[in-house]
Amino acid sequence: MSGGGLQLWVASKAKRFMAMALGLGVIAAQSITPAQAFPVGYGPVSPGTDWIVMDATTGKILSQNNPFTERFPASLTKLMTLDLAFHDLRAGRLSADTAIPVTAAAANVQPVKLNLVPGQTITVRQAMLGMTTLSANDAATALGQYLGNGSISRAAAAMTERAHALGMLHTQFYNPSGLPNPGQVTDAYDMAVLARHILLTYPQYRYLFSVASFMFEGRPIPNIDGMLKLYPGAIGMKTGYTDLARFNLVTAAVRDGHMLIGVELHARGWSVAYHTMAHLLDQGFAAEGAGTGPIIAFRKALPAIMPTADAATIRQTRQATHPQATHPMFAAAAPIRQPAARRVLVTVAQRHVTIRNIVMRSGHVTQDMIPGWTAQIGAYDNYAMAKRQALLIHAERHVGTARVSSVLIRHRRVWRAQLAGLNEAAAHATCTLLQRRHQSCFLIGPRQENLAMR
């Protein structure tokens, strides 16, 4: 979304529309994508970090933690855009020197960008390098549009179809870059499936993920993946960040003839993500008999609560439900899953949703916006009930500010009880507590919700 515009995304699927709309927040005169309403413990903003480590050759899972939790992929989305490009390159429908036109839609996406301008052209090679090094959203959008015959939606549909054909049954795409969209979701297992497919099917393009920098229009474009410098043997692959996705990382590494893939979603920071990934890969290589691992300092800095899963206890044969899948499905710790229902999204202009926030201070009611995280702790048909819930939880938790958010949806007003102005730890702790009581709690991210993109 651009400039000072105001745009709200909600789900149009009838039975989900109300629940999703209740969890969205809007700040006037700011360019934001509001947080999606998902129950803590289930949805993409639930607390915790998910990971999986697998042997790229055999597909054996070496360790895992909640690998089927739905998350926002952020720039990990670009791996699927690259997969479509690799497929067309191998089929001869593209060449590395094919010129790609840059549309206004591509040039105007949110940073990080190569700063492309409408009307210019870039080559397929430049677009791919821009995506694997800087994670450039304009390059990804331009390439995606080209692959979709000029249409971002067609590209996204092809990406989702490809994902499901590979067995990525909990993944859906709505754009080629990974910029925020409430329906664009994945999980750690699915991202490992995609990474493995790319590494085994297109070995000739692995070098793109390891390039330290490349020259574009006379300036060096650096690779922002810290694992390339920090972990010997790292091939790299992709980083991803938005405020709600948090810090996402896909890393492939090679040691003593073994190639492992690590996927980490919803980490608390880049340093934590890199340290954790190094630790997990070290454990994986040790399990494969490839040594104790080269980064001892990283391992010492980690908490001792990160177990190595016994692969024998989580191995189950997972039947391929899509005959087009290039590689057999892997051992998994969960039953066979059905493809997620595709979410169809609409804009505020089509659904006429208006929101205002009412803050209780010393008995007075004011309209206000409060920075920080927000925990939504209930939605009601009347203001009094919402106010009571907000004040009740605030009195118990002694954090944040009690707030009631008023939402008008199709001429029906809904009142949302919230605790606003929380830091991340307090927000997660509040929702975790309420979830244990089987009470509803949604998290809404701070500031521009989830536009900061890597």
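The values are calculated or read from the model by the stated rules, or taken from the named source; none is laboratory data. Treat the numbers as computed from the prediction; the structure is a model and nothing was measured. Here the Cβ positions follow ideal geometry from the backbone for every residue, glycine too, while neighbour counts run over all protein chains shown.
If Pro176 meets every condition in (1) modelled with pLDDT of 95 or more; (2) not in a loop (DSSP other than H, G, I, E, B) apart from one, which number is that one?
For Pro176, the exception is condition (2).
For the stretch 243-265, check the following and say yes or no: at least one residue is among the basic types (Lys, Arg), buried (at least 24 other Cβ atoms within 10 Å of the Cβ), over 11 Å from the mean Cα position of the chain (by Cα) and more than 27 Å from Asn423 (Cβ to Cβ).
no
Select from the stretch 62-96 the residues that are hydroxyl-bearing (Ser, Thr, Tyr) and more than 23 Å from Val112 (Cβ to Cβ) and write down the one among them that is surrounded by the most Cβ atoms within 10 Å (Cβ to Cβ).
This residue is Ser63.
Taking interchain pairs and intrachain pairs at least six residues apart, which have beta carbon atoms under 7 angstrom, with the first residue in the stretch 137-161 and assigned to a loop (DSSP other than H, G, I, E, B) and the second buried (at least 19 other Cβ atoms within 10 Å of the Cβ)?
Note: pairs meeting the criteria are Gly148/Ala155; Gly148/Ala158; Ser151/Gln145.
If you go through the stretch 189-245, how many residues are in contact (Cβ under 8 Å) with a residue 24 or more places away in the chain and over 18 Å from Ser135 (Cβ atoms)?
Qualifying residue count, the stretch 189-245: 13.
So which residues in the stretch 99-132 are in a helix (DSSP H, G or I) and closer than 25 Å to Ala212 by Cβ?
Passing the criteria: Val124, Arg125, Gln126, Ala127, Met128, Leu129, Gly130, Met131, Thr132.
Take the residues of the stretch 100-126 that are among the aliphatic types (A, V, I, L, M) and out of contact with any strand residue (DSSP E or B) (no Cβ under 8 Å at 6 or more places or on another chain): which is nearest to Leu147 (Cα to Cα)?
The extreme case among them is Ala106.
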